[in-house]
1. Scan region 41-54 and tell me whether some residue there is part of a strand (DSSP E or B), buried (at least 22 other Cβ atoms within 10 Å of the Cβ) and away from the ligand (no atom under 15 Å from the Cβ).
2. Out of all the residues in region 55-65, which are open to solvent by 30 Å² or more (accessible area, probe 1.4 Å) and in contact with a His (Cβ under 8 Å, 6 or more places away or on another chain)?
3. Any residue in region 184-208 that's farther than 16 Å from G11 by Cα: show its pairings with residues that are assigned to a loop (DSSP other than H, G, I, E, B) and at pLDDT 95 or above at Cβ separation under 6 Å, as long as the two are six or more apart or on different chains.
4. Check R115 against each of (1) away from the ligand (no atom under 15 Å from the Cβ); (2) assigned to a helix (DSSP H, G or I); (3) touching a Pro at 6+ places or on another chain (Cβ under 9 Å) and name the one condition it does not meet.
5. Working carefully through the options G23, G33, G11, find the one that is touching a residue at least 24 places away in the same chain (Cβ under 8 Å), open to solvent by less than 10 Å² (accessible area, probe 1.4 Å), more than 18 Å from A183 (Cβ to Cβ) and within 12 Å of the ligand (Cβ to nearest atom).
6. Tell me which residues, restricted to region 1-36, are part of a loop (DSSP other than H, G, I, E, B) and touching a Ser or Thr at 6+ places or on another chain (Cβ under 8 Å).
7. Filter region 145-177 for residues that are touching a residue at least 12 places away in the same chain (Cβ under 8 Å), open to solvent by 40 Å² or more (accessible area, probe 1.4 Å) and either part of a helix (DSSP H, G or I) or of a type in the set (S, T, N, Q) (or both) and give the result.
8. Name the residues in region 118-143 that are within 11 Å of the ligand (Cβ to nearest atom) and either under 16 Å from the mean Cα position of the chain (by Cα) or more than 21 Å from L180 (Cα to Cα) (or both), would you?
Amino acid sequence: MERLLVLARHGQSEWNLKNLFTGWRDPGLTELGVAEARAAGRRLKAKGIRFDVAFTSALSRAQRTAALILEELGQSDLPTIADAALNERDYGDLAGLNKDDARARWGKEQVHLWRRSYDVPPPGGESLKDTVARVLPYTMREIMPRVLRGERVLVAAHGNSLRALVMVLDGLTTETIPGLELATGVPLVYHLNADTTVASKDVLDRDA
Ligand SMILES: O=C(O)[C@@H](CO)OP(=O)(O)O
C-alpha cells in the first residue's frame with residue numbers, strides 16, 4: 001500500500017523578501033512566491049503525484065501555496081483542512097523586526113539560537129520544542145491515520161512547523177536540528193512504512 005506524505009514550505013512571502021521575522025503574522029506571497037508554489041506543483045505533477053487530502057495552516061501564505069499546488073495538479077476541488085496547529089513558530093516580540101537589525105542589536109549567535117536551536121524560545125515566542133509540542137500531536141491525530149489508511153496527503157505549511165515534523169520523521173537530534181533549513185517551494189516527498197518510519201524521501205529541488 002502507498003503511504004504518501006508530501007511536505008511543502010510556502011513560497012516566498014512579502015516578509016521573507018523584506019527579511020522580517022514573520023511567525024504568526026500574515027503577509028501574502030510575493031510574485032516569486034506564487035511562481036515557486038506553482039513550480040512545486042508542476043514538479044509533483046511530473047512525478048505523477050496526486051493527493052486525496054491537503055492540510056495547511058491558518059495563515060494565508062501556506063493556504064495560497066496549497067491552492068496553487070493543487071491548481072497545477074488539476075485538483076483545485078480537493079478537500080483542504082486548515083488548522084493553526086500547523087502555523088509557523090510564534091516569533092513573539094521578534095515578529096515584524098528586521099533580521100539584520102536583530103543581529104546588530106542582540107548579536108549573531110543569540111539570533112541564530114532563537115532561529116535554529118531546539119529549545120531556546122525567542123522573547124515571548126515559541127522554541128522549536130514548543131512548536132513540536134503542537135505540530136506532533138496534531139499530526140499523530142489528524143494526518144498520520146490518513147497516511148496509514150493509504151490516503152495521499154499534502155501538508156503545505158512553514159519553515160519551522162515543517163522543521164518540527166522533519167525532525168521527527170528523519171530522526172534528527174537536538175544537536176543536528178540546527179543545521180536543517182527548508183527552502184521555499186521545495187516539496188519533500190515521503191513514503192512511509194506501516195510503522196510510520198520512512199521508507200523513502202525525495203527532495204523535489206528546483207532542478208529535480
Ligand atoms: O520569519 C519567520 O517566520 C521564519 C520563516 O520565514 O524565519 P526563520 O528563517 O527565522 O525561521
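The values are calculated or read from the model by the stated rules, or taken from the named source; none is laboratory data. What you see is a predicted model, and the numbers here were worked out from it, not measured in a lab. Quick reminder, even Gly has a Cβ in these numbers, built from the backbone with ideal geometry, and neighbours come from all protein chains shown. For the accessible areas, the whole protein counts, side chains as well, though only heavy atoms, and no ligand, DNA or RNA atoms are used. Shrake-Rupley method; radii C 1.70, N 1.55, O 1.52, S 1.80 Å.
1. Yes, the conditions are met somewhere in region 41-54.
2. Residue satisfying the conditions is R64 alone.
3. What qualifies is L192/R3; A199/N193.
4. Against the list (1) away from the ligand (no atom under 15 Å from the Cβ); (2) assigned to a helix (DSSP H, G or I); (3) touching a Pro at 6+ places or on another chain (Cβ under 9 Å), R115 comes up short only on (1).
5. Going through G23, G33, G11 in turn, just one is touching a residue at least 24 places away in the same chain (Cβ under 8 Å), open to solvent by less than 10 Å² (accessible area, probe 1.4 Å), more than 18 Å from A183 (Cβ to Cβ) and within 12 Å of the ligand (Cβ to nearest atom): G23.
6. Of everything in region 1-36, those that are part of a loop (DSSP other than H, G, I, E, B) and touching a Ser or Thr at 6+ places or on another chain (Cβ under 8 Å) turn out to be H10, G11, Q12, T22, D26, P27, G28, T30.
7. Of everything in region 145-177, those that are touching a residue at least 12 places away in the same chain (Cβ under 8 Å), open to solvent by 40 Å² or more (accessible area, probe 1.4 Å) and either part of a helix (DSSP H, G or I) or of a type in the set (S, T, N, Q) (or both) turn out to be R146, L148, V168, D170, T174.
8. Initial filter on region 118-143 (within 11 Å of the ligand (Cβ to nearest atom)): 122, 125-126, 128, 131.
Hits for region 118-143 are E126, L128, T131.
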